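Below: the structure, in structure tokens.
The values are calculated or read from the model by the stated rules, or taken from the named source; none is laboratory data. Only a predicted model underlies this, so the values are computations on that prediction, with no experimental measurement involved. All Cβ positions, even for glycine, are placed from backbone atoms using ideal geometry, and neighbour counts span all protein chains on display. Protein only, heavy atoms only, side chains kept; ligands, DNA and RNA dropped before computing areas. Shrake-Rupley method; radii C 1.70, N 1.55, O 1.52, S 1.80 Å.
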Amino acid sequence: MSQSSSKGMPLHTQMLIGFVVGAALGAMAFWLGHGPAADGATAGAVSPWLHGVLTYVTGPIGEIFLRLLFMLVIPLVFSALVLGVVEIGDPASLGRIGLRTLIYIFSVSSIAVMIGLLAVNLFQPGAGVAAADATALLQDGATRTADIMAKGEAASALQVLFNIVPKNPFAAAVDGNLIAVMFFALMFGIAAAVHRTDGVTSFLATTQGVYDISLKLIDWVIRTAPYAVAALMFSLLASRGLVALKPLLGFALVAFGAMAVHMFVVFPLLVRTFGGMSPLAFFRHAEPAMLTAFSTSSSSATLPTTLQVAEERLGTPRKVGRFVCTLGATANMNGTALYEGVTVLFLAQYYGVDLSIVQQLMIVLMCVLGGIGAAGVPGGSLPVIASILVMFNIPAQGIALILGVDRFLDMCRTCVNVTGDLVGTVVVARGESATEPSAPV
Ligand code: ASP
């Protein structure tokens, strides 16, 4: 995905400008539209001009951006999951390596999400928004927050299970019940992997087409993000004042800290214990891929470097590196899974939505699958995050808040994602002979 506009200014700079301009104008409008005495907690009647701007200008712009993100969720998640599972599960090619990779992806992504959730529960970056405010914010988002599942009262474990297995996959997609769609896609992928007829092969080619088209569309949507961020920030600050920004710093720090723990505690442990390699040597060799990931914010764009590092610098067998890194660029995203968990829980705190333990466990599962279903492009996880928010009745406008700091955190999580692919390669490669011929992947 290209990161520069036609004018040459990088997209993330444009997003930052959008964030600052929208926030500054919004704070000014809040002051003018509510009177100087107003603050976030006591904001009363809004003057007619501000109401007009919010309702007919910035509101619709932000709403359309969010709708565009939602629009892409089902085709993207379905195609990414089916293709991912088929690649893992193809018995003809890499059965043993595939199984070990699958176990690695699920277990290490779960650890990542749990670190993220633990950090948010511990530091509560989103707590402390005034109750009156939270109610007002919830009303703001109520128009869209679909009444799907996981509502305020804790769902029983059995209900949660029923929600995962859809009666009708199309109804689940229509309702935005992402977990059920993911389950369906997984089943579809497994069946496609074990039953390779001509028809299945052409279906998979079509699915690859759907995936490629979805990526192109995400590219286009993300290009409009600077304007959407400005509009969404304006709406947020004009209705709530500067107080709305306070928790953001805490969020960024918690997300960054949790990713650092995963990167510098979990990865070294895995490399040492299961990969039999010195963590220091690992990081030294992995550096080119880590830096490329950090600067491009795209696991897919980093793939050539990742492959080269796996084979030439880490010395892992070619077939393992090719398989784990190629699959990992879209399916093994520890940083993304962690970030999705942190964001969802942070915004739940921010908007005062209580989540039971069962619901938090559900979030872990959603984020692990979300890490597989997100695209390896800048902002690839945003559609997935938006959908998870809606599933748990958390206003999706919250995305506006995190978009302001998303670019930097995207660089960090992509770096974690790619490093995770290399850790996976080292772990899976242990015991595989380096001299085996490489498999065509
Ligand atoms: N930018 C990430 C990647 O390519 C995906 C995301 O979390 O948005 O790995």
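Scanning segment 254-295 for residues that are more than 11 Å from VAL416 (Cα to Cα) and of a type in the set (Phe, Trp, Tyr) turns up PHE274, PHE282, PHE283.
May I ask you to say which residue of THR425, THR336 is among the polar types (S, T, N, Q), buried (at least 24 other Cβ atoms within 10 Å of the Cβ), within 14 Å of the ligand (Cβ to nearest atom) and assigned to a helix (DSSP H, G or I)?
Values: THR425 fails: within 14 Å of the ligand (Cβ to nearest atom).
Going through THR425, THR336 in turn, just one is among the polar types (S, T, N, Q), buried (at least 24 other Cβ atoms within 10 Å of the Cβ), within 14 Å of the ligand (Cβ to nearest atom) and assigned to a helix (DSSP H, G or I): THR336.
Only one entry of GLY341, GLY371 meets the criterion of being more than 14 Å from GLY420 (Cβ to Cβ), open to solvent by less than 10 Å² (accessible area, probe 1.4 Å) and among the small types (Gly, Ala, Ser), and that entry is GLY341.
Residue count for segment 352-368 satisfying the condition of being open to solvent by 10 Å² or more (accessible area, probe 1.4 Å) and either within 16 Å of the ligand (Cβ to nearest atom) or of a type in the set (Gly, Ala, Ser) (or both): 2.
Select, from ALA329, ALA310, the only residue that is away from the ligand (no atom under 12 Å from the Cβ), out of contact with any Phe, Trp or Tyr (no Cβ under 9 Å at 6 or more places or on another chain) and part of a helix (DSSP H, G or I). Even if it seems obvious, please write down each step before you answer.
Details: ALA329 fails: away from the ligand (no atom under 12 Å from the Cβ).
ALA310 is the lone residue from the list that is away from the ligand (no atom under 12 Å from the Cβ), out of contact with any Phe, Trp or Tyr (no Cβ under 9 Å at 6 or more places or on another chain) and part of a helix (DSSP H, G or I).
Taking the condition at pLDDT below 85, open to solvent by 50 Å² or more (accessible area, probe 1.4 Å) and of a type in the set (Gly, Ala, Ser), does ALA146 pass? Before the answer, list the steps.
Numbers: at pLDDT below 85: yes; open to solvent by 50 Å² or more (accessible area, probe 1.4 Å): no; of a type in the set (Gly, Ala, Ser): yes.
It is false that ALA146 is at pLDDT below 85, open to solvent by 50 Å² or more (accessible area, probe 1.4 Å) and of a type in the set (Gly, Ala, Ser).
Is one or more of the residues making up segment 350-358 of a type in the set (S, T, N, Q) and in contact with a helix residue (DSSP H, G or I) (Cβ under 8 Å, 6 or more places away or on another chain)?
To start, the set of residues in segment 350-358 that are of a type in the set (S, T, N, Q) comprises 356.
This time we only want the ones that are in contact with a helix residue (DSSP H, G or I) (Cβ under 8 Å, 6 or more places away or on another chain), so: none.
No.
For THR316, indicate whether it is hydroxyl-bearing (Ser, Thr, Tyr), more than 11 Å from the ligand (Cβ to nearest atom), open to solvent by 10 Å² or more (accessible area, probe 1.4 Å) and outside any helix (DSSP H, G or I). Considered against the rule, which asks whether it is hydroxyl-bearing (Ser, Thr, Tyr), more than 11 Å from the ligand (Cβ to nearest atom), open to solvent by 10 Å² or more (accessible area, probe 1.4 Å) and outside any helix (DSSP H, G or I), THR316 comes out as yes.
Restricted to segment 371-407, and to residues there that are of a type in the set (Val, Ile, Thr) and in a helix (DSSP H, G or I), the residue that is farthest from the ligand (Cβ to nearest atom) is VAL390.
Determine, yes or no, whether GLN349 is open to solvent by 10 Å² or more (accessible area, probe 1.4 Å), away from the ligand (no atom under 14 Å from the Cβ), of a type outside the set (Asp, Glu) and free of Cβ contacts under 8 Å to residues at least 60 places away in the same chain. Taking the combined requirement at face value, the residue does not satisfy it.
If we scan segment 220-233, do we find a residue that is more than 29 Å from ILE372 (Cβ to Cβ), at pLDDT 85 or above and of a type in the set (A, V, I, L, M)? The answer is yes; a qualifying residue exists.
Examine segment 267-277 for a residue that is under 22 Å from the mean Cα position of the chain (by Cα) and either assigned to a helix (DSSP H, G or I) or within 14 Å of the ligand (Cβ to nearest atom) (or both), and state whether such a residue exists. Lay out the reasoning, then the answer.
Let us first name the residues in segment 267-277 that are under 22 Å from the mean Cα position of the chain (by Cα), namely 267.
Applying the additional criterion that residues be either assigned to a helix (DSSP H, G or I) or within 14 Å of the ligand (Cβ to nearest atom) (or both) yields 267.
Within segment 267-277 (the criterion being under 22 Å from the mean Cα position of the chain (by Cα) and either assigned to a helix (DSSP H, G or I) or within 14 Å of the ligand (Cβ to nearest atom) (or both)), the answer is yes, since at least one residue qualifies.
Working carefully through the options VAL243, VAL221, VAL200, find the one that is assigned to a helix (DSSP H, G or I), farther than 28 Å from GLY98 by Cα and out of contact with any Pro (no Cβ under 9 Å at 6 or more places or on another chain). It is VAL243. Which one of PHE256, PHE283, PHE264, PHE294 is exposed (fewer than 15 other Cβ atoms within 10 Å of the Cβ) and over 10 Å from VAL426 (Cβ atoms)? Answer to the selection: PHE264. The requirement of being more than 19 Å from VAL108 (Cβ to Cβ) and touching a residue at least 24 places away in the same chain (Cβ under 8 Å) is not satisfied by MET333. Whenever a residue of segment 247-267 is more than 17 Å from ALA337 (Cα to Cα), its partners that are not in a helix (DSSP H, G or I), lying with C-beta atoms within less than 6 angstrom and at least six residues away or across chains, give the pairs PRO247/PRO125; PRO247/GLY126; GLY250/PRO125. Close contacts from segment 391-417, counting a first residue that is closer than 16 Å to HIS262 by Cβ and open to solvent by 10 Å² or more (accessible area, probe 1.4 Å) and a second that is away from the ligand (no atom under 16 Å from the Cβ) and assigned to a helix (DSSP H, G or I), with Cβ to Cβ under 9 Å and a gap of 6+ residues or different chains, come to CYS412/ALA260.
Inclusion of ALA289 among residues that are within 14 Å of the ligand (Cβ to nearest atom) and surrounded by 24 or more Cβ atoms within 10 Å (Cβ to Cβ) is warranted.
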